[in-house]
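Okay, structure first, notes after.
The values are calculated or read from the model by the stated rules, or taken from the named source; none is laboratory data. Note that this is a predicted model, so its numbers are computed, not measured. So basically every Cβ, Gly included, is an ideal-geometry build from the backbone, and we count neighbours across all protein chains shown.
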Amino acid sequence: MKAVVYDKSNSPDVLVLREVDKPVPTSDQVLIKIMAVSVNAADYRSMRMGMIPKNKIFGADVAGIVEAVGAEVKKFKIGDEVFGDLAGFGFGGFAEYVAVTEKALAQKPAVVTFESASSVPMAGITALQGLRNLGKIQSGQKILIVGAGGGVGNFAVQLAKYFGAQVTALCGPKNVDTVKSLGADRVIDYTNSDFKAENYKYDLILAVNGSYKLSEYRRASNPKGILVMAGGALSQIFGVMAFGWLYSLGSQKMVTLTAKASTEDLVFLIKLVENGKLSPVIDRTYPLAETAEAMKYAARGHSLGKVVITVNN
Ligand SMILES: NC(=O)c1ccc[n+]([C@@H]2O[C@H](COP(=O)([O-])OP(=O)(O)OC[C@H]3O[C@@H](n4cnc5c(N)ncnc54)[C@H](OP(=O)(O)O)[C@@H]3O)[C@@H](O)[C@H]2O)c1
């Protein structure tokens, strides 16, 4: 099969399209013919940090068709359309096929495209767990989403509206119209306006990107507000590691999100997509042969929603 393999010695690109052995599923695995795979920070950040999957193939969020099943597989049969996050199971999605435990997967409804389904797992689950599990989102709350233009942010805006919140979204100028169309009540373009200067207090802030001081978030938060730190620039992450504990000394709280793969959450999210209540936004699609370009584009950190690689179609 064709796969995009990490090869440190290759120049100018370390990601190379090669012929490799097609995987053979073990007894608890499903062999998926991959139709689409989306790019995540987990791919390009792991690569930058030298955390290379065992088979040297990145790609976590896949959608495809079951081509073979191991003897102990119970949930799926040949021909089923599935999707899931393979990051906890060795990656392997930038390829025509992958063998993975059935535990990583959920059924894809027929009406949802493979591209849309591949956009959902990591970004959707991060947004959902940030808002619902850590943020304890309630209907009517005022919510700020920082970094609303990207994969996680686009899902967060729509999910916060789904949960009945009043959503303010912070993003760059080229993403303003799309973020508005996703349902945000207020959109702040961070190049010409300053959320910190407003006298507007939030019950919940989901910080997906950017790099603001914790004291600035604190001022924008109501006295019992929660700040969920999901991601952002390295300076932001180091700031949280060093001073995060100070944030929660009073009645305001800061919590750091580490999203966990969950098939229950995959099913919850894909039902919303199926029913038209959640729309994955896809910025660009690339063929498998151009995966290195797709990774570079996503790693610039300004994509509008998701970057998707189409594989077998
Ligand atoms: N905690 C977890 O478990 C977890 C899980 C998944 C991802 N993450 C993290 O979440 C972050 C976002 O992931 P993603 O997949 O959404 O990335 P992405 O699709 O690349 O999105 C990045 C978005 O951030 C926006 N942005 C960049 N600089 C900004 C700034 N200064 N202020 C506000 N917005 C800014 C960009 O929009 P504009 O062009 O409009 O600026 C871009 O659309 C990453 O740091 C990732 O590592 C964390």
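Against the definition (touching a residue at least 60 places away in the same chain (Cβ under 8 Å) and more than 10 Å from the ligand (Cβ to nearest atom)), how does V112 come out, yes or no? Spell out how you get there, then give the answer.
Values: touching a residue at least 60 places away in the same chain (Cβ under 8 Å): yes; more than 10 Å from the ligand (Cβ to nearest atom): yes.
It is true that V112 is touching a residue at least 60 places away in the same chain (Cβ under 8 Å) and more than 10 Å from the ligand (Cβ to nearest atom).
Do you know which residues across the range 246-268 are within 16 Å of the ligand (Cβ to nearest atom) and basic (K, R)? Give the steps one after another, and end with the answer.
First, the residues of the range 246-268 that are within 16 Å of the ligand (Cβ to nearest atom): 254-262, 265-266.
Scanning the range 246-268 gives a single hit, K260.
Looking only at residues in the range 245-296 that are more than 14 Å from the chain's Cα centre (by Cα) and of a type in the set (G, A, S), which one is nearest to V14 (Cα to Cα)?
So the residue we want is A292.
Return a yes/no flag: does the range 37-56 have any residue that is over 11 Å from L105 (Cα atoms), basic (K, R), out of contact with any strand residue (DSSP E or B) (no Cβ under 7 Å at 6 or more places or on another chain) and not in a loop (DSSP other than H, G, I, E, B).
Yes, the range 37-56 contains a residue that is over 11 Å from L105 (Cα atoms), basic (K, R), out of contact with any strand residue (DSSP E or B) (no Cβ under 7 Å at 6 or more places or on another chain) and not in a loop (DSSP other than H, G, I, E, B).
Looking only at the range 214-236, count every residue that is out of contact with any helix residue (DSSP H, G or I) (no Cβ under 6 Å at 6 or more places or on another chain), modelled with pLDDT of 85 or more and not hydroxyl-bearing (S, T, Y) and tell me the total. Before you say what the answer is, go through the steps one by one.
From the range 214-236, those out of contact with any helix residue (DSSP H, G or I) (no Cβ under 6 Å at 6 or more places or on another chain) are 215-226, 231-236; that's our starting set.
Restricting the remaining residues to those that are modelled with pLDDT of 85 or more gives 215-226, 231.
After this cut, where a residue has to be not hydroxyl-bearing (S, T, Y) as well, the list is 216, 218-220, 222-226, 231.
Of the residues in that region, 10 qualify.
Identify the residue in the range 269-313 that is within 16 Å of the ligand (Cβ to nearest atom) and basic (K, R) and, among all such residues, is farthest from L159 (Cα to Cα).
K296
Among the residues in the range 66-81, are any surrounded by 22 or more Cβ atoms within 10 Å (Cβ to Cβ) and of a type outside the set (A, V, I, L, M)?
For the range 66-81, residues surrounded by 22 or more Cβ atoms within 10 Å (Cβ to Cβ) and of a type outside the set (A, V, I, L, M): absent.
Please find, among G149, G172, G153, G164, the residue that is touching a Phe, Trp or Tyr at 6+ places or on another chain (Cβ under 9 Å) and among the small types (G, A, S). Give the derivation first.
On the way: G149 fails: touching a Phe, Trp or Tyr at 6+ places or on another chain (Cβ under 9 Å); G153 fails: touching a Phe, Trp or Tyr at 6+ places or on another chain (Cβ under 9 Å); G164 fails: touching a Phe, Trp or Tyr at 6+ places or on another chain (Cβ under 9 Å).
Within the list G149, G172, G153, G164, the selection yields G172.
Quick check on my filter: what residues within the range 141-157 are over 8 Å from G305 (Cα atoms) and either surrounded by 24 or more Cβ atoms within 10 Å (Cβ to Cβ) or not assigned by TED's automatic domain parsing to the domain that holds E198 (or both)? Walk me through it before giving the result.
So the first thing to find is which residues in the range 141-157 are over 8 Å from G305 (Cα atoms), and the list is 141-148, 155-157.
I143, L144, I145, V146, G147, A148, F155, A156, V157, listed by residue number.
Quick check on the range 134-161: of everything there that is in a helix (DSSP H, G or I) and free of Cβ contacts under 8 Å to residues at least 60 places away in the same chain, which residue is farthest from the ligand (Cβ to nearest atom)? Spell out how you get there, then give the answer.
Let us first name the residues in the range 134-161 that are in a helix (DSSP H, G or I), namely 134, 151-161.
Checking the rest, the ones that are also free of Cβ contacts under 8 Å to residues at least 60 places away in the same chain come to 153, 156-157, 160-161.
On the way: G153: 5, A156: 9, V157: 11, A160: 15, K161: 17 Å.
Per the criteria, the residue is K161.
For the range 287-306, does any single residue satisfy the condition of being β-branched (V, I, T) and in the same structural domain as A95 (by TED's automatic domain parsing)?
Checked the range 287-306: at least one residue is β-branched (V, I, T) and in the same structural domain as A95 (by TED's automatic domain parsing).
Would you mention how many residues in the range 162-175 are touching a residue at least 40 places away in the same chain (Cβ under 8 Å), of a type outside the set (S, T, N, Q) and near the ligand (Cβ under 8 Å from one of its atoms)? Before the answer, list the steps.
Residues of the range 162-175 touching a residue at least 40 places away in the same chain (Cβ under 8 Å): 162, 170, 172, 174-175.
Add one more test, that the residue is of a type outside the set (S, T, N, Q), and what stays is 162, 170, 172, 174.
With the extra rule that they be near the ligand (Cβ under 8 Å from one of its atoms), the set shrinks to 170, 172, 174.
So the answer is 3.
Given the criterion within 12 Å of the ligand (Cβ to nearest atom), in the same structural domain as Q158 (by TED's automatic domain parsing) and touching a residue at least 60 places away in the same chain (Cβ under 8 Å), identify the matching residue among T178, T191. Spell out how you get there, then give the answer.
Details: T191 fails: touching a residue at least 60 places away in the same chain (Cβ under 8 Å).
That would be T178, the only listed residue that is within 12 Å of the ligand (Cβ to nearest atom), in the same structural domain as Q158 (by TED's automatic domain parsing) and touching a residue at least 60 places away in the same chain (Cβ under 8 Å).
For the range 32-56, what are the residues that are more than 20 Å from V120 (Cα to Cα) and surrounded by 19 or more Cβ atoms within 10 Å (Cβ to Cβ)? First the steps, then the outcome.
As a first pass, look at the range 32-56 and keep what is more than 20 Å from V120 (Cα to Cα): 47-56.
Result: P53, K56.
Which numbered condition trips up S221, out of (1) of a type outside the set (D, E); (2) surrounded by fewer than 18 Cβ atoms within 10 Å (Cβ to Cβ); (3) farther than 24 Å from G124 by Cβ?
(2)
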